[in-house]
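Chemist: Have a look at the structure that comes next, please.
The values are calculated or read from the model by the stated rules, or taken from the named source; none is laboratory data. Not measured: the values here are computed from a predicted model. So basically every Cβ, Gly included, is an ideal-geometry build from the backbone, and we count neighbours across all protein chains shown. SASA here: full protein model, heavy atoms, side chains in, ligands and nucleic acids out. Shrake-Rupley method; radii C 1.70, N 1.55, O 1.52, S 1.80 Å.
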Amino acid sequence: MKAPGRRTFLRGLGAGVAALPFVRLVETSRAAAAGVSPPSRFIGIYHPHGIAAELFTMRDGDTETSFDLGYPDSPLQPFDDPATYGRSFKDKIVVIEGVDVLSDTNAHNSAGTILTGSRIVGGDGGLPWNSSLDQFLAVEQRLGDATLVPSIALAVGSKQLSARETLSFGTGGVPISKIIDPGVAFDFLFKHAIVGADPAAQARAARQQRLGQSLIDFAREDVTRLRARVGPFEVQKLDQHLDALRALEKKRQALSLPDGCTLPDRPSAFPRLERYNGGEPYFDAITDLHIDLLALAMSCDITRFGTLVMNDLSYAGNPLGLPADNHGAMAHTYSASGDPATWTLLARFNRYVYGKVARLLQRLDAYGILDSTLVYASSDMGNPATHSTRNVPTVLAGGLDGKIRMGRRIRYRTDCPFGTPCDPNGSDYETMPNNRLLVSIAQAFGVDLVSYGIQAEAQYSSGTLPGL
């Protein structure tokens, strides 16, 4: 089933793709000539159902810098598919094995640990202790202040603000609302920057701006007054409201898009958007639109920080030929070191996910900003049948202008060898927590810190990822 208006939107987006690379290349060359690095950008992506580890792992003969992605049933094949994506992205990715997401809870609640590095407080239904890396960089470190929208959180099919399917969290682990409608995402990113040259339209915008500023000032005073009367947890929520007001204030002040930024038409409405409510047949189209909007907003420098929570395709007749229940009949039937047919089934979904990541890389590359962006794609578990949060699939792309060396495969020792049980209390237990990856990314953004997230033992939240 095709989404209404999608073709029109993508045609318009194509015009933007044609116009923007030159502008961005000029911008980048000017920055280089002035001895200034182009702005750094970050995109976090979550996908469900873990990984078919037997088909994700390095092949015999692979080395760190020389590896094959085109073998049969390879989940990573989209990153080396010039026929589909215009070029190979092997030299723009780092594939990492052996990273653990230490959530201390059921794996289905572990998406909230990916960017927070925090244990999930309260088990099922709980939340992390601290903010996610995107919010830490964009809001707490004020790296998002330079853009109209400090950060954006997108999702497919679910607005739930649980640790099960949320990547972005504010101070104290308060979940950030997600946008699931591409039309709303378009408005959130671009509406306040589109006025045009008509004098009457500009006058209306100026009046709205003055009115909006008055309302913002009133709300800020009200929040500040309440802040002195509530407890610590409520203070965290009020501080998030103040951050949102600052972001809204910047939106009210913007009356035009950056030079060279050409926008398509607003995406048309979808008949259904949500999971379990008939939205599933539209998830593929919604994912594409979210990816295209996110790349366009990054290229227009509307925002530099974004997250995307993907969904599966659980409906009869899905384009992947997967069971209608992806969770029960694909993820839970996966048999590590068992029936290879279960590997290929899960790998088909994994390949679909990485195809969407490759689409994002294609868009960012066309806009001339891939090298200054870091894309971090991961899942909430490794083996989905056992709900293991160890050896989760980890892919980095872009590179932040050389701060992270691309074109590599890195393998850390997995503490759960295929076919053997995991005993965190065993004498031979080792782990490579993703907290160290978060520290490495923060340092690549120029933030001086040595630990990130809250774990039971400080050693698990401290240090950088070796060899990155």
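Chemist: So which residues in segment 153-162 are in contact (Cβ under 8 Å) with a residue 60 or more places away in the chain and either of a type in the set (G, A, S) or farther than 25 Å from G278 by Cα (or both), if there are any at all?
Modeler: Once the filter is applied, which keeps residues that are in contact (Cβ under 8 Å) with a residue 60 or more places away in the chain and either of a type in the set (G, A, S) or farther than 25 Å from G278 by Cα (or both), segment 153-162 yields A153, A155, G157, S158.
Yes/no matrix, rows are residues, columns are (1) open to solvent by less than 20 Å² (accessible area, probe 1.4 Å); (2) at pLDDT 55 or above; (3) within 29 Å of L115 (Cα to Cα):
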position: S162; (1), (2), (3): no, yes, yes
position: G172; (1), (2), (3): no, yes, yes
position: D181; (1), (2), (3): no, yes, yes
position: P199; (1), (2), (3): no, yes, no
position: S214; (1), (2), (3): no, no, no
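Chemist: Assuming K251 fulfils every condition listed in (1) touching a His at 6+ places or on another chain (Cβ under 6 Å); (2) at pLDDT 90 or above apart from one, which condition is it?
Modeler: (2)
Chemist: Let me ask something additional. Could you pull out the residue among P271, P281 that is crowded, with 17+ Cβ neighbours inside 10 Å, modelled with pLDDT of 95 or more and under 18 Å from I180 (Cβ atoms)?
Modeler: Answer to the selection: P281.
Chemist: Take the residues in segment 117-161 that are touching a helix residue (DSSP H, G or I) at 6+ places or on another chain (Cβ under 7 Å) and polar (S, T, N, Q); name whichever of them is farthest from F186 (Cα to Cα).
Modeler: S118
Chemist: Next up: It is to be established whether one or more residues within segment 137-148 are β-branched (V, I, T) and open to solvent by less than 10 Å² (accessible area, probe 1.4 Å).
Modeler: Yes, because at least one residue in segment 137-148 is β-branched (V, I, T) and open to solvent by less than 10 Å² (accessible area, probe 1.4 Å).
Chemist: Collect the residues in segment 126-162 that are small (G, A, S), closer than 22 Å to T287 by Cβ and not in a strand (DSSP E or B), keeping them in residue-number order.
Modeler: S132, S151, G157, S158, S162
Chemist: Follow-up question, since we're still on this one. Given the condition at pLDDT 95 or above and within 16 Å of G183 (Cα to Cα), answer yes or no: does some residue in segment 314-321 qualify?
Modeler: No: segment 314-321 contains no residue that is at pLDDT 95 or above and within 16 Å of G183 (Cα to Cα).
Chemist: A follow-up question, please. Within segment 80-98, how many residues are touching a Gly at 6+ places or on another chain (Cβ under 9 Å) and either in a helix (DSSP H, G or I) or modelled with pLDDT under 95 (or both)?
Modeler: Of the residues in segment 80-98, 6 are touching a Gly at 6+ places or on another chain (Cβ under 9 Å) and either in a helix (DSSP H, G or I) or modelled with pLDDT under 95 (or both).
Chemist: Which of the residues that make up segment 286-341 are in contact (Cβ under 8 Å) with a residue 40 or more places away in the chain, in a helix (DSSP H, G or I) and farther than 30 Å from Y367 by Cβ?
Modeler: Result: N326, H327, M330, A331, P340.
Chemist: In segment 163-177, how many are touching a residue at least 40 places away in the same chain (Cβ under 8 Å), in a loop (DSSP other than H, G, I, E, B) and polar (S, T, N, Q)?
Modeler: Of the residues in that region, 2 qualify.
Chemist: Let me ask something else. Could you pull out the residue among G50, G70, G44 that is part of a loop (DSSP other than H, G, I, E, B), in contact (Cβ under 8 Å) with a residue 24 or more places away in the chain and of a type in the set (G, A, S)?
Modeler: From the options G50, G70, G44, the qualifying one is G50.
Chemist: Filter segment 34-53 for residues that are of a type in the set (V, I, T) and either surrounded by 20 or more Cβ atoms within 10 Å (Cβ to Cβ) or under 19 Å from W343 (Cβ atoms) (or both) and give the result.
Modeler: I43, I45, I51
Chemist: Of all residues in segment 443-468, how many are among the aromatic types (F, W, Y) and over 21 Å from the mean Cα position of the chain (by Cα)?
Modeler: Residues in segment 443-468 being among the aromatic types (F, W, Y) and over 21 Å from the mean Cα position of the chain (by Cα): 1 in total.
Chemist: May I ask you to verify whether S314 is open to solvent by less than 40 Å² (accessible area, probe 1.4 Å), of a type in the set (G, A, S) and closer than 23 Å to A347 by Cβ?
Modeler: yes
Chemist: Now for a different question. For segment 440-460, which positions are among the hydroxyl-bearing types (S, T, Y) and at pLDDT 95 or above?
Modeler: Answer for segment 440-460, where residues must be among the hydroxyl-bearing types (S, T, Y) and at pLDDT 95 or above: S440, S451, Y452.
Chemist: Condition first: over 13 Å from Y46 (Cβ atoms) and either modelled with pLDDT of 95 or more or open to solvent by 10 Å² or more (accessible area, probe 1.4 Å) (or both). Now tell me which residues in segment 368-382 satisfy that.
Modeler: Residues satisfying the conditions are G368, I369, L370, D371, S372, T373, L374.
Chemist: Considering only residues of segment 107-125 that are at pLDDT 90 or above and assigned to a loop (DSSP other than H, G, I, E, B), which is surrounded by the most Cβ atoms within 10 Å (Cβ to Cβ)?
Modeler: Step by step, filter segment 107-125, then rank; the result is T116.
Chemist: Identify, please: which residue in segment 54-74 is surrounded by 17 or more Cβ atoms within 10 Å (Cβ to Cβ) and in contact with a strand residue (DSSP E or B) (Cβ under 8 Å, 6 or more places away or on another chain) and is, among those, farthest from R348 (Cα to Cα)?
Modeler: Going through the qualifying residues, I end up with F67.
Chemist: Another question about this same structure. Given the structure, is Y276 open to solvent by 10 Å² or more (accessible area, probe 1.4 Å) and in a helix (DSSP H, G or I)?
Modeler: Considered against the rule, which asks whether it is open to solvent by 10 Å² or more (accessible area, probe 1.4 Å) and in a helix (DSSP H, G or I), Y276 comes out as no.
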